[in-house]
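Single-structure report; data block below.
The values are calculated or read from the model by the stated rules, or taken from the named source; none is laboratory data. No experiment lies behind these values; they were computed from the predicted model shown. Here the Cβ positions follow ideal geometry from the backbone for every residue, glycine too, while neighbour counts run over all protein chains shown. The accessibility values were calculated without ligands, DNA or RNA, using every heavy atom of the protein model including side chains. Shrake-Rupley method; radii C 1.70, N 1.55, O 1.52, S 1.80 Å.
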Amino acid sequence: MMEETLSIRPADLDDINTIGFLAQQIWPDTYGKIIAAGQLQYMLNLFYSPGALREQMVDQRHQFLLVEQGEEAIGFAAWGPTEEPGVVKLHKLYVLPGQQGKGLGKSMLGFIFQSIRPEGATTLRLNVNRFNKAREFYQRMGFVVVREEDVPIGNGYFMNDYVMEVAVPA
C-alpha cells in the first residue's frame, strides 16, 4: 500500500469546522490530565468555537495552517502579529495524538518560519502550559523559557504558562 501524501497548506474561513473538530480530538489527550474538565471545555469553547476562530482569523489577523494526510486533516497551527516589532506569536500548534512524534510539528514550524521571515520577523514567541509535555518538543526546536505567567481567561480560570522564544532562522 502506498503512503498517503502529507501536505501543509494555509487554512481559511472554510476550514473553521475542521480546525474545531481537530481541537475537540486533540485537547482532551493533551490537557485532560493537566487541567480540570470544566476548564478544558470552557477553553475549547473560548478558543475553538466557530465564532472564536472567525474572530482570530479576521479581526486578530491570525494566520492558520492545516496539515493533511491525503484528504484527512491531522494537525493545525496559528500565528499572528504582536505589538512588538519583529515578534510573532505562535498561538496554536497541534497534531492528532496518533500522528505525534513523526516530525509534523517541526515541519509546521518550518512552514511558519518561511511565512514570517519575509515579513521581518526576528523572534517567534509562544505560551505553553507549564505541565504540557510539548514544552520538551519546543526546547528541542530551540525555544527557551523567558518567563512564567498566569493568564486569567475568565470564569475564575487561569492559563499557567511558560513564555518561550526562539530566533527566526535566517
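Taking each residue of the stretch 82-108 that is more than 18 Å from Ala121 (Cα to Cα) and looking for partners that are exposed (fewer than 14 other Cβ atoms within 10 Å of the Cβ) with beta-carbon atoms closer than 6 Å, six or more apart or interchain, yields Pro97/Asp29.
When we screen Glu72, Glu68 for residues that are of a type outside the set (Ser, Thr, Tyr) and open to solvent by 50 Å² or more (accessible area, probe 1.4 Å), the only hit is Glu72. Return the pair list, or none, for Cβ contacts closer than 9 Å from residues in the stretch 148-170 that are free of Cβ contacts under 8 Å to residues at least 12 places away in the same chain and part of a strand (DSSP E or B) to residues that are among the polar types (S, T, N, Q) and surrounded by 11 or more Cβ atoms within 10 Å (Cβ to Cβ), at least 6 apart or on different chains. Between residues of the stretch 148-170 that are free of Cβ contacts under 8 Å to residues at least 12 places away in the same chain and part of a strand (DSSP E or B) and residues that are among the polar types (S, T, N, Q) and surrounded by 11 or more Cβ atoms within 10 Å (Cβ to Cβ), the close pairs are Asp150/Asn160; Phe158/Gln39. Just one of the listed residues (Val151, Val163) is at pLDDT below 95 and open to solvent by less than 60 Å² (accessible area, probe 1.4 Å), and it is Val151.
Would you confirm, using the coordinates I've provided, whether Val128 is over 22 Å from Asp29 (Cβ atoms) and β-branched (Val, Ile, Thr)? No. Scanning the stretch 28-65 for residues that are in a helix (DSSP H, G or I) and either in contact (Cβ under 8 Å) with a residue 40 or more places away in the chain or open to solvent by 20 Å² or more (accessible area, probe 1.4 Å) (or both) yields a count of 19. Is it fair to say Gly80 is part of a loop (DSSP other than H, G, I, E, B) and open to solvent by less than 60 Å² (accessible area, probe 1.4 Å)? No; evaluated as a whole, the condition is false for this residue. Can you confirm whether the stretch 1-10 contains a residue that is surrounded by 14 or more Cβ atoms within 10 Å (Cβ to Cβ), of a type outside the set (Asp, Glu) and within 30 Å of Gly154 (Cβ to Cβ)? Within the stretch 1-10, not a single residue is surrounded by 14 or more Cβ atoms within 10 Å (Cβ to Cβ), of a type outside the set (Asp, Glu) and within 30 Å of Gly154 (Cβ to Cβ). Please verify whether the stretch 113-133 includes one or more residues that are open to solvent by 20 Å² or more (accessible area, probe 1.4 Å), touching a Pro at 6+ places or on another chain (Cβ under 9 Å), of a type in the set (A, V, I, L, M, F, W, C) and assigned to a helix (DSSP H, G or I). So far as the stretch 113-133 goes, yes, one or more of its residues are open to solvent by 20 Å² or more (accessible area, probe 1.4 Å), touching a Pro at 6+ places or on another chain (Cβ under 9 Å), of a type in the set (A, V, I, L, M, F, W, C) and assigned to a helix (DSSP H, G or I).
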